[in-house]
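Worksheet: one structure, shown below.
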Amino acid sequence: MSEGIGARVLRKEDKRFLIGKGRYTDDIIEQNQAYAAFVRSPHAHAAVKSIDASAAEAMDGVIAVLNGAQLTGDGIGNIICGWGVTSKDGSPMNMGAWSALATDKVRYVGDAVAIVVADSLATARLAAEMVEVDYDVLPVVVNSVDGLSDGAPQLHENAPGNLVFDWELGNEGPTDAALAGAAFTTEMDIVNNRLSPNAMEPRAAIATFNEADDHYTLYTTSQNPHVARLVLSAFYNVAPEHKLRVIAPDVGGGFGSKIYIYPEEIACLWASMKTNRSVKWTSDRTEAFMTDAHGRDHVTHAKIGFDKDHKIVGLKVDTKANLGAYMSLFSSATPTYLYGTLLSGQYNIENIYCNVKAVYTNTVPVDAYRGAGRPEASYVMERMMETAAREMGVDPAELRRKNFVTEFPHQTPVIMAYDSGDFAANQDQAMEAADYAGFEARRAEAASRGKLRGIGFSNYIEACGIAPSAAVGSLGAGVGLWESAEVRVNPVGTIEVLTGSHSHGQGHETTFTQIVAERFGLPTENIQIVHGDTDKVQFGMGTYGSRSGAVGMSAIVKAMDKVEAKVKKIGAHVLEASEDDIIIEDGAVKVKGTDKQMLWHEVGLAAYTAHNIPEGMEPGLKETSFYDPSNFTFPAGCYICEVEVDPETGTTQIVQFVASDDFGTIINPMIVEGQVHGGIAQGIGQALLEGVVYDDSGQLLSASYMDYAMPRAHDLPNYSVHHQSTTCPGNPLGMKGCGEAGAIGSPPAVINAITDAIGNNDLSMPATPAKVWAAIQAAGAKQAAE
Amino acid sequence: MYETKYHKASSVDEAVSLMGAADDGKLLSGGQTLLPTMKAHLAAPSDLVDVSGIADMNGVGVRGNVISIGAATTHAEVAGNAALQNACAAVTDLAANIGDPAVRHMGTIGGSIANNDPAADYPAALLALGATIKTNARDIAAEDFFVGLFETALEDDEVIVSIGFEAPEKACYAKFPNPASRYAMAGVFVAKTAGGARVAVTGAGDDGVYRQSDMEAALDGNWSAGALTGVSVSADGMLSDMHGDATYRANLVKVMAGRAVAGC
């Protein structure tokens, strides 16, 4: 049917956004509402000697100024990292204490020291400036390499040398031996640049304590409100779970940055209790740059070896990951189990060894950002493959093809068991769409116009739908990673689906509806998706890691299975037929081969009136499922980027970008294409434009859009997006996930294309015009010297 | 934003007297730099004197080759003025590429040059065109007006009323924008005037807008992009920041100058 699986149904949620009726956290107005502003450290590293709030407290309209000593004195717990990673020597990771409001020390510019609550936002902000904090400034370190060096300033007493953990994966001995015996090797230093997430809606919270029943309500910009409630309750001791309601209403983008529970939400909840007022805080853009968890920031040395037939024999990767000043909620998993496990790429590699040292620095915490570890892995692998191909003088497409995994399931030496894929098919499709064969002619034509044209590949693979709960638990996860759904058929036959997934731009209200419409033959207008409220929806794990399709929708399917079973029983009973002869189609329950039928709403009514249902059956028609996947899913694809570089200025123009993705089953191609477009835009942003810069004193130089370059329409090409899918065997719909692929696959394609164009492989992201021009000069100087 | 007193002036004289009466007054025209600075608590004037509605300070006048632009004229008005485009398209093109549409509909030429941001576009045009800045008190030649980074020859409480210049024989502006802010990393305005070739550079110099005299000499004898190939631009005195170092900016000055001449 036209609205079911595979249909380009327009987004149901867009109406309210287009008419200005979206309801974001900052739109919520509570009675008795007050405003919070935070006193933030201007220093990247300092001891807090004293805080004098007297002048602020004396201002008209100031309700309270509260500090970290009061917060910890009230028993509010430290912020935790929810995934325990073990070092290679067996020791646990060194998690430094992180109080929502700093008590004795600040460790990055923007670290919160106190919260001011006032009648107006303007007063709160002015009062925050009046709070006098006496700091004793300490030496600063901002990057991971310096952080590990001898004599580096120490951030946390329990993390000597700023080392959070020293983790390994794979087998070092056999990998070293394989590389030693290799016919060809390629070595590279690779930096994955630090990024600021820049969701369109900044973070916000409004917390209300109700003293009548000791109950808290928190509206906040969260990708996972249930997890937020759990952590706020179990670890931060804000309130017991049954006395805390967390609502994530419309949320304007997350990209990972809204997974975590930040100091501000904790402080607002606590301050609401202290002041008996609703306390509202909305981040401004500068605060967002300073305090939202950043992404990436890896410094890597890698070596890959090939035999004489160009088959990969081994890969060794050494990475230093900057975690910032504190461990954010999933910061330990991102550079380990979401990174090292993907280092086999699309290739059959027997020996892989990966060592990751995670490092504290005086910068804002780093955590998962669209792709989370997988972009870093794919960047290492695909830069290495392209470079090795150039060094060995073979076609980069051919080198990849020669090493593709072709049989499934395929067990890599780095935990993952790939379940499906056809990497050559994706590459074929992309090469044809890109007219790879015609590239040299295009290069020559560009040269006649004074432009340097280049082409680059990226054959990415990633892991989504994270994953069997027992498996992630064994790797250190503090939570299970299943998802829940409740399918509620009303007495009139309309359906509400309550999902633990959360939509912050993904279009769940459309795609989730489509699978229900398909299953029961109902119009999508009869189906409503409910999410984002812990009082309405059963516990759920939320949305990140491209999991809402493969895990969230699978839970809905499982719940629908139960609904269908009950509907068939009722149908068989009422229609006096065998259950085996009952079919559901076109909004009716029918007896196969006859004209006997009940309309869908008649089944609902029968279930709720319970006048005529099978003996012993409970009334009602509402079923729940908690679905735990059996494996990760493995989206993969081939991206080809073609660029023209202006040698005079170093400006890169992307003249062609082709994507061929394998996402398994696609529910709504329009929404999937949108995800791919957005992901590639973010990847191009990383490759060409975006980069967080701290100076040596820990000041954030890229703290506004004047200095942090986001991609504009002008910077992006028209995308050529294609699909070549294999079905995922691990979930009932055969889905793999599409939310992050674009951001994972695109950066290496762009850099491979530019380095091809300019003839210099020594180029780091973001490849700004200044950097590209300098690389062209360096290549010219080298050529002249030779 | 800190508390401030807002005044709407209806004449240049009134603006001058309001400024004189204020403790720490600031003239407000389009507010495209001043207001964000105040919002960030980096500026806290006691009084704002809004000159945007003063009739004498608004509009573009083109009489033969004599051009006058009111200080409170927005970039969009300059960009859209057909007579000016006829007389000197380099200036209308420049205005059409400042910032974004919101900036162009609020920001003004007087506000831009009074702020003298080292990466702003208008200072290069005025310097290359040998413009005269007319204030409530005097006429100031562009050479004397732009003193250094964010620094001009304006006295406290002095109000720019208009900018005047003669249409050049040829002119063109070529800008290489900063990838983030879109301000000039190097913007070169070339003009073939009655007094000879003039080349002014914004965005690149570490002391703000300046004239590239060796390029002017080269163009005087031979107005062509080729005439510039022999000119070498030194990195000394160029800005260096996270977006590009001095060597890169020196290269951009040369490339943009060539493109500007070729674009005339």
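The values are calculated or read from the model by the stated rules, or taken from the named source; none is laboratory data. Please read all numbers here as calculations on a predicted model, not as lab measurements. No Cβ is skipped: glycine too gets one built from the backbone with ideal geometry, and neighbour counts run over all protein chains shown.
Find the residue count for region B:232-249, including only residues that are surrounded by fewer than 20 Cβ atoms within 10 Å (Cβ to Cβ) and part of a helix (DSSP H, G or I).
Narrowing region B:232-249 to residues surrounded by fewer than 20 Cβ atoms within 10 Å (Cβ to Cβ): B:232, B:234-237, B:240-242, B:245-247.
Within this subset, residues satisfying the condition of being part of a helix (DSSP H, G or I) are B:246-247.
So the answer is 2.
Just checking, how many residues over region A:125-140 are hydrophobic (A, V, I, L, M, F, W, C) and farther than 11 Å from A:Val48 by Cα? Before the answer, list the steps.
Step one: of region A:125-140, the residues hydrophobic (A, V, I, L, M, F, W, C) are A:126-128, A:130-131, A:133, A:137-138, A:140.
After this cut, where a residue has to be farther than 11 Å from A:Val48 by Cα as well, the list is A:126-128, A:130-131, A:140.
The qualifying residues number 6.
For region A:699-709, give me each residue that is facing chain B (nearest Cβ under 9 Å) and crowded, with 17+ Cβ neighbours inside 10 Å.
The answer is A:Ser702, A:Asp707, A:Tyr708, A:Ala709.
Which residue is farthest from the other protein chains (Cβ to nearest Cβ), if the candidates are limited to region A:710-723 and must be assigned to a loop (DSSP other than H, G, I, E, B), surrounded by 15 or more Cβ atoms within 10 Å (Cβ to Cβ) and out of contact with any Gly (no Cβ under 8 Å at 6 or more places or on another chain)?
Our first condition is that a residue be assigned to a loop (DSSP other than H, G, I, E, B); within region A:710-723, this holds for A:710-712, A:716-718.
With surrounded by 15 or more Cβ atoms within 10 Å (Cβ to Cβ) added as a condition, the list becomes A:710-711, A:716-717.
Narrowing the set further to residues that are out of contact with any Gly (no Cβ under 8 Å at 6 or more places or on another chain) leaves A:716-717.
On the way: A:Leu716: 13, A:Pro717: 16 Å.
Here the residue is A:Pro717.
From the list A:Ile744, A:Ile751, A:Ile776, exactly one residue is more than 28 Å from A:Ala550 (Cβ to Cβ) and buried (at least 24 other Cβ atoms within 10 Å of the Cβ). Which is it? Lay out the reasoning, then the answer.
Working: A:Ile744 fails: more than 28 Å from A:Ala550 (Cβ to Cβ); A:Ile776 fails: buried (at least 24 other Cβ atoms within 10 Å of the Cβ).
Residue meeting the stated conditions: A:Ile751.
Please enumerate the residues belonging to region A:90-110 that are hydroxyl-bearing (Ser, Thr, Tyr) and crowded, with 16+ Cβ neighbours inside 10 Å.
First, pick out the residues of region A:90-110 that are hydroxyl-bearing (Ser, Thr, Tyr): A:91, A:99, A:103, A:108.
Passing the criteria: A:Ser99, A:Thr103, A:Tyr108.
Scan region A:737-771 residue by residue and report those that are within 12 Å of chain B (Cβ to nearest Cβ), within 29 Å of the chain's Cα centre (by Cα) and among the hydrophobic types (A, V, I, L, M, F, W, C). Write out each step before concluding.
In the first step, residues of region A:737-771 are kept if they are within 12 Å of chain B (Cβ to nearest Cβ); the result is A:766-771.
Within this subset, residues satisfying the condition of being within 29 Å of the chain's Cα centre (by Cα) are A:766-769, A:771.
Within region A:737-771, A:Ala767 is the sole residue that qualifies.
Would region A:270-287 turn up any residue that is at pLDDT 95 or above, in a strand (DSSP E or B) and within 23 Å of the chain's Cα centre (by Cα)?
Within region A:270-287, one or more residues are at pLDDT 95 or above, in a strand (DSSP E or B) and within 23 Å of the chain's Cα centre (by Cα).
Of the conditions (1) more than 20 Å from the chain's Cα centre (by Cα); (2) surrounded by 24 or more Cβ atoms within 10 Å (Cβ to Cβ); (3) not assigned by TED's automatic domain parsing to the domain that holds A:Ile79, A:Tyr339 fails just one. Which one is it?
Answer for A:Tyr339: the failing condition is (1).
Could you list all residues from region A:490-543 that are farther than 17 Å from A:Gly604 by Cβ, surrounded by fewer than 19 Cβ atoms within 10 Å (Cβ to Cβ) and in contact with a helix residue (DSSP H, G or I) (Cβ under 8 Å, 6 or more places away or on another chain)?
Correct list: A:Asp533, A:Phe539.
Could you please find all residues in region A:641-650 being more than 8 Å from every other protein chain (Cβ to nearest Cβ) and either among the β-branched types (Val, Ile, Thr) or touching an Asp or Glu at 6+ places or on another chain (Cβ under 8 Å) (or both)?
A:Val643, A:Val645
Would you point out which residue out of A:Gln777, A:Gln783 is without any contact (Cβ under 8 Å) to a residue 40 or more places away in the chain, within 14 Å of chain B (Cβ to nearest Cβ) and in a helix (DSSP H, G or I)?
On the way: A:Gln783 fails: within 14 Å of chain B (Cβ to nearest Cβ).
None of the others qualify; the one that does is A:Gln777.
Considering only region B:21-39, state which residues are under 22 Å from B:Asn136 (Cβ atoms) and aliphatic (A, V, I, L, M).
Hits for region B:21-39 are B:Ala21, B:Ala22, B:Leu27, B:Leu28, B:Leu34.
Looking only at region A:675-698, how many residues end up being within 12 Å of chain B (Cβ to nearest Cβ) and more than 30 Å from A:Cys638 (Cβ to Cβ)?
Qualifying residue count for the region: 3.
Please go through region A:573-599 and pick out each residue that is touching a residue at least 40 places away in the same chain (Cβ under 8 Å), closer than 28 Å to A:Phe626 by Cα and either of a type in the set (D, E, K, R) or touching a strand residue (DSSP E or B) at 6+ places or on another chain (Cβ under 7 Å) (or both). If you could, list the steps in order and put the result at the bottom.
In the first step, residues of region A:573-599 are kept if they are touching a residue at least 40 places away in the same chain (Cβ under 8 Å); the result is A:573, A:584-588, A:599.
After this cut, where a residue has to be closer than 28 Å to A:Phe626 by Cα as well, the list is A:584-588.
Passing the criteria: A:Glu585, A:Asp586, A:Gly587, A:Ala588.
Of A:Ser344, A:Ser328, which residue is closer than 30 Å to A:Glu157 by Cβ and not assigned by TED's automatic domain parsing to the domain that holds A:Val106?
Numbers: A:Ser344 fails: closer than 30 Å to A:Glu157 by Cβ.
Exactly one of A:Ser344, A:Ser328 is closer than 30 Å to A:Glu157 by Cβ and not assigned by TED's automatic domain parsing to the domain that holds A:Val106, namely A:Ser328.
Given the residues B:Thr74, B:Thr92, which is the only one that is touching a helix residue (DSSP H, G or I) at 6+ places or on another chain (Cβ under 7 Å), over 18 Å from B:Ala191 (Cβ atoms) and of a type in the set (Val, Ile, Thr)?
On the way: B:Thr92 fails: over 18 Å from B:Ala191 (Cβ atoms).
Every option except B:Thr74 fails the conditions.
Out of B:Ala197, B:Ala180, B:Ala174, which single residue is touching a residue at least 12 places away in the same chain (Cβ under 8 Å), assigned to a strand (DSSP E or B) and within 14 Å of chain A (Cβ to nearest Cβ)?
Details: B:Ala197 fails: within 14 Å of chain A (Cβ to nearest Cβ); B:Ala180 fails: assigned to a strand (DSSP E or B).
Within the list B:Ala197, B:Ala180, B:Ala174, the selection yields B:Ala174.
To keep it simple, each residue is scored yes or no on (1) over 26 Å from A:Tyr262 (Cβ atoms); (2) small (Gly, Ala, Ser); (3) more than 27 Å from the chain's Cα centre (by Cα).
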{"site": "A:Val356", "(1), (2), (3)": "no, no, no"}
{"site": "A:Val364", "(1), (2), (3)": "no, no, no"}
{"site": "A:Arg374", "(1), (2), (3)": "no, no, no"}
{"site": "A:Val380", "(1), (2), (3)": "yes, no, no"}
{"site": "A:Thr387", "(1), (2), (3)": "yes, no, yes"}
{"site": "A:Pro396", "(1), (2), (3)": "yes, no, yes"}
{"site": "A:Leu399", "(1), (2), (3)": "yes, no, yes"}
{"site": "A:Lys402", "(1), (2), (3)": "yes, no, yes"}
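Take region A:390-419 and flag every residue that is without any contact (Cβ under 8 Å) to a residue 60 or more places away in the chain, surrounded by fewer than 22 Cβ atoms within 10 Å (Cβ to Cβ) and either among the acidic types (Asp, Glu) or within 16 Å of A:Asp307 (Cα to Cα) (or both).
Hits for region A:390-419 are A:Gly393, A:Asp395, A:Glu398, A:Arg401, A:Phe404, A:Glu407.
Among the residues of region A:208-222, count how many are in a loop (DSSP other than H, G, I, E, B) and surrounded by 15 or more Cβ atoms within 10 Å (Cβ to Cβ).
Of all residues in region A:208-222, those in a loop (DSSP other than H, G, I, E, B) come to A:211-214, A:221-222.
Narrowing further to those that are surrounded by 15 or more Cβ atoms within 10 Å (Cβ to Cβ): A:221-222.
Summing the residues that are in a loop (DSSP other than H, G, I, E, B) and surrounded by 15 or more Cβ atoms within 10 Å (Cβ to Cβ) in region A:208-222 gives 2.
Conditions first: (1) under 30 Å from A:Met710 (Cα atoms); (2) of a type in the set (A, V, I, L, M); (3) buried (at least 18 other Cβ atoms within 10 Å of the Cβ); (4) in contact (Cβ under 8 Å) with a residue 60 or more places away in the chain. B:Ile98 passes all but one, so which condition is the exception?
(4)
Mind counting the residues in region A:432-487 that are under 30 Å from A:Val405 (Cα atoms), over 28 Å from the mean Cα position of the chain (by Cα) and of a type in the set (Ser, Thr, Tyr)?
Total satisfying the criteria: 1.
Which residue, of A:Lys308, A:Lys316, is more than 22 Å from the chain's Cα centre (by Cα) and in a loop (DSSP other than H, G, I, E, B)? Spell out the reasoning first.
On the way: A:Lys316 fails: in a loop (DSSP other than H, G, I, E, B).
Exactly one of A:Lys308, A:Lys316 is more than 22 Å from the chain's Cα centre (by Cα) and in a loop (DSSP other than H, G, I, E, B), namely A:Lys308.
Kindly establish whether A:Ala425 is part of a helix (DSSP H, G or I), without any contact (Cβ under 8 Å) to a residue 24 or more places away in the chain and surrounded by fewer than 24 Cβ atoms within 10 Å (Cβ to Cβ).
Against the criterion (part of a helix (DSSP H, G or I), without any contact (Cβ under 8 Å) to a residue 24 or more places away in the chain and surrounded by fewer than 24 Cβ atoms within 10 Å (Cβ to Cβ)), A:Ala425 does not qualify.
Going by the structure shown, is B:Ser46 among the small types (Gly, Ala, Ser), without any contact (Cβ under 8 Å) to a residue 40 or more places away in the chain, more than 14 Å from every other protein chain (Cβ to nearest Cβ) and farther than 15 Å from B:Asn115 by Cβ?
Details: among the small types (Gly, Ala, Ser): yes; without any contact (Cβ under 8 Å) to a residue 40 or more places away in the chain: no; more than 14 Å from every other protein chain (Cβ to nearest Cβ): yes; farther than 15 Å from B:Asn115 by Cβ: yes.
Against the criterion (among the small types (Gly, Ala, Ser), without any contact (Cβ under 8 Å) to a residue 40 or more places away in the chain, more than 14 Å from every other protein chain (Cβ to nearest Cβ) and farther than 15 Å from B:Asn115 by Cβ), B:Ser46 does not qualify.
Any residue that is in contact (Cβ under 8 Å) with a residue 12 or more places away in the chain and more than 13 Å from chain A (Cβ to nearest Cβ) - is there at least one of those in region B:238-246?
No, region B:238-246 has no match at all.
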